[in-house]
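Student: Sharing a structure below in structure tokens format, with a few things to ask.
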Amino acid sequence: METHTSLIKAEIRSLFDTAIGISIKDTAKAIELTEKALFKSQRIKEKNEIHADGLNLVSMLHRKNREIGTAKNMADRALKLSEEIKYEKGVYDAKYNIAKALLNQHKLSEAIPHLLDASVGYKKMNELLPHGKALCLIGNIYEEFQDFKNALNTYQYALEVSQQTQNQTLEFYCYLYLANLFLQLEKSVKAVTYIGKCIELNKALENDEDLAKVYFVNGKIQLKSRKYEAATESFLKASELFFDKNDFVSGVEAQEKLASTYLAQDKTDQAIETLNSVIQKSEKFQLNSVLFNTHYMLYQIYKETNVTKALEELERYVELKGEHDKKFINSVVNSYSVLSRIEDSEKEAEKEQELASIIEKKNSEMDSFFYRVSHDLKGPIASLLGLSDLAKRDVSDTKALHYLKMYENQIKRLNMIVMELINITELNYREIKRTDINFYEIIDNCITAYTYLPNFDSIVFKIEVQSNLTFSSEWYIVNTILQNLIENSIKYLDKNKEESTVHITVYGTKTDIHIEVKDNGQGIDKEHQGKIFDMFYRANNSAQGTGLGLFILKRAVERLHGEIKLESTPGIGTTFNISLPKNI
């Protein structure tokens, strides 16, 4: 019986090897062979490593075939089985496959914990090749967040691993990523050097899918160097190969770059035709990052010849760019939060100190990057507002002025978001320096700061601060808490009521300070109450806002290790109760 089982396992392993061998040329056939092997594995009664390896292999092949949902499902099954049978390598393979599938779905914050687990696990097991592949994905995420320094360090580390393992495929991808990175860093000579190494390696690998990526990056280098004919040829070849392999996302990105090349050569008709094709495909595959660039290029084309069409394209660009920036910022924040949660759980479980220190470092780097991005956006936004003001002075057409007003409102909204994001990072960076808190003074200053808001004069403020109350804390954070509570009450007053009231009460117990802000405003529906502290969430659109105020409030309260309680009834009003410990 044991001999029979050994023969079945040998046959299954042989099918796995054959599937891997033909997957470069015929992914569908490779999937068929792997599924045949999995069917044979059912003859082995006890689930073991071969079943997990089969599920991980078929997950990888389905992902290669752009069947991401199926790939994720197979990887989830592989993870569950590997954990049940305590198969360590199977667990890390499954986590790596899950991360790859999630990255294909642009779910970065969900992918990060799986990817970190896989990378650290592979290194611990001395599985250097998959460790190197995981490092490349981590580098991709850094690059996505424009954290080029850490992306460079990660790719170079992965390159060292590829040379240790003498794996040409991993080495090829390291060179490819480095070429693209150096191009973004305006270091064309290094980019050319690395893409040259890619081309040499690809001759040995003979992989059309890899060749498409070489053409694409090489085309970007040629475009940067103003070698337009060579760039055109590279982008045409890249898009053709990508579409042949059903890699529609990369194919559309290659066509977008092709349009840029036509535009650089003043081939306007070809550029417009290509851009319209890109728009159709981008809308079909929901590629917003490509879409807003495409509409901006069309705006550049039409602004000299067709003002109405140009303004339509500009309006669409501003709308899509705003959506993209919001998702990008949200992705950074979510990834930061995921990394923080991982750090906490790892400390609680007392896992390896190495992993804990890595995550702590990544948290700090992510926060630093977030802070820099917010500050870097302030200058361009100020310039855009200035240009908008200048444009309004020179334009008399009513429709054009309407579009300019829409444009200006979007920029002002983005400016509000950036200022509040800076507030968030200030909360994270600021060292807590305890000073005596004068609640009367802070409340008075906060109320005075919002006299410009609509309907402010119709509100009656009632302030009660417990006499002889002493509290020592970080002034900036306490001010942020009161500021956001008061602003929220003013913005969401109920215009149908004869008198609007905001009642602010501060009192102390033996262990805590309580801040209560009660209003008779619009109130919040029950269905929204669990979401109002989420980033960018707005329960209604009756007032202008960024959806960040209550998110900042929650961050500030958590920074002082406090708690928030909410009671609200639509049409009656809302009460926020904040409790802050006196000793932290």
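The values are calculated or read from the model by the stated rules, or taken from the named source; none is laboratory data. Since we're looking at a predicted model, the values are computed, not measured. Cβ atoms come from the backbone with ideal geometry, glycine included; neighbour counts cover every protein chain shown. Calculation scope for accessible area: heavy atoms of the full protein, side chains included, ligands and nucleic acids excluded. Shrake-Rupley method; radii C 1.70, N 1.55, O 1.52, S 1.80 Å.
Student: In the range 134-212, what is the volume of the convex hull around the alpha carbon atoms, normalised per residue and reported in Å³? The partial results should precede the final answer.
Tutor: On the way: hull volume 6.6 nm³, N = 79.
It comes to 84 Å³ per residue, whole-number rounded.
Student: I've got another one for you. Using only the Cα atoms of the range 189-236, each taken as one equal point scatterer with no solvent, compute I(q) by the Debye sum, divide by I(0), and report log10 of the ratio at q = 0.30, 0.33 Å⁻¹.
Tutor: -1.10, -1.17
Student: DSSP loop (so not H, G, I, E, B), at most 15 other Cβ within 10 Å: list which GluC sites (Glu not before Pro) in the range 217-316 pass both filters. Could you put the intermediate results ahead of the total?
Tutor: Working: sites: Glu229, Glu233, Glu240, Glu253, Glu256, Glu273, Glu283, Glu304, Glu312, Glu313, Glu315; in loops: Glu304.
Passing sites in the range 217-316 are Glu304.
Student: For the range 1-85, what is Rg from Cα atoms divided by 2.2 N^0.38 Å, rounded to two decimals?
Tutor: On the way: Rg = 12.7 Å, N = 85, 2.2 N^0.38 = 11.9 Å.
Relative to the 2.2 N^0.38 Å estimate, the range 1-85 comes out at 1.06.
Student: Sequence gap at least 6, Cα distance under 8 Å: using those rules, report the relative contact order of the range 54-202 to the nearest whole percent.
Tutor: Working: 181 pairs, mean separation 19.6, N = 149.
Result for the range 54-202 is 13 percent.
Student: Just how much of Ser239 is accessible, in Å², when a 1.4 Å probe is used and the result is rounded to the nearest 10?
Tutor: Ignoring ligands and nucleic acids, Ser239 comes out at about 10 Å².
Student: For the range 113-161, what class follows from the C-alpha gyration tensor (a ≥ b ≥ c being the square roots of its eigenvalues): rounded when a/c is under 1.5, otherwise prolate if a/b is larger than b/c, else oblate? Please report the intermediate quantities before stating the final value.
Tutor: On the way: a/c = 2.95, a/b = 1.57, b/c = 1.88.
Oblate shape, in that a/c is at least 1.5 and b/c is the bigger or equal ratio.
Student: With viscosity set to 1.306 mPa s and temperature to 10 °C, compute the Stokes-Einstein D of the range 26-177, Rh being the Kirkwood radius across alpha carbon pairs; µm²/s, no decimals.
Tutor: Values: Rh = 15.9 Å.
Taking Rh from Cα pairs, D becomes 100 µm²/s.
Student: Right, next: Mind jotting down the distance between the C-alpha centroids of the range 276-324 and the range 24-95, whole Å?
Tutor: Each part's Cα centre sits 41 Å from the other's.
Student: Could you look at the range 154-221 and say what percent of its accessible area is carbon and sulfur, using a 1.4 Å probe and all protein chains? If you can, show how the numbers build up before the last one.
Tutor: Values: 1470 of 3060 Å².
In the range 154-221, the share of accessible area belonging to carbon and sulfur is 48 percent.
Student: Compare Lys433, Lys510 by solvent-accessible area with a 1.4 Å probe and give them largest first, with all protein chains kept in place.
Tutor: Working: Lys433 130, Lys510 195 Å².
Largest to smallest exposure gives the sequence Lys510, Lys433.
Student: Okay, next question. When the Karplus curve 6.51 cos²θ - 1.76 cosθ + 1.60 is applied with θ = phi - 60°, which whole-Hz ³J(HN,Hα) does each residue of the range 241-247 get, with x for Gly and Pro?
Tutor: After applying 6.51 cos²θ - 1.76 cosθ + 1.60, I find 5, 4, 5, 4, 9, 6, 8 Hz.
Student: Once phi is turned into ³J(HN,Hα) by the Karplus curve 6.51 cos²θ - 1.76 cosθ + 1.60 with θ = phi - 60°, what whole-Hz value does each residue of the range 439-445 show in order, with x for glycine and proline?
Tutor: Ordered by residue, 3J(HN,Hα) equals 5, 4, 5, 5, 4, 4, 5 Hz.
Student: While we're on this one: Need one value: the accessible area of His561 in square angstrom, 1.4 angstrom probe, rounded to the nearest 10.
Tutor: Taking all protein chains as shown, His561 has close to 130 Å².
Student: How large is the accessible surface per residue of the range 26-87, computed with a 1.4 Å probe and reported in Å² as a whole number? Intermediate results must be reported in sequence, preceding the final value.
Tutor: On the way: 3220 Å² over 62 residues.
Value for the range 26-87: 52 Å² per residue.
Student: Quote the accessible area belonging to Asp244 in square angstrom, nearest 10, computed with a 1.4 Å probe and with ligands, DNA and RNA left uncounted.
Tutor: 110
Student: Quick one: 3J(HN,Hα) in Hz for the range 44-53, Karplus 6.51/-1.76/1.60 with θ = phi - 60°, rounded, Gly and Pro as x.
Tutor: 8, 5, 7, 5, 9, 4, 5, 5, 5, 4
Student: Normalised by the residues of the range 262-321, what does the relative contact order come to in percent, with Cα pairs under 8 Å and at least six apart?
Tutor: Values: 48 pairs, mean separation 16.4, N = 60.
Rounded, it is 27 percent for the range 262-321.
Student: Rounded to the nearest whole Å², what accessible area per residue is found for the range 113-264 with the 1.4 Å probe?
Tutor: Details: 6690 Å² over 152 residues.
Result: 44 Å² per residue.
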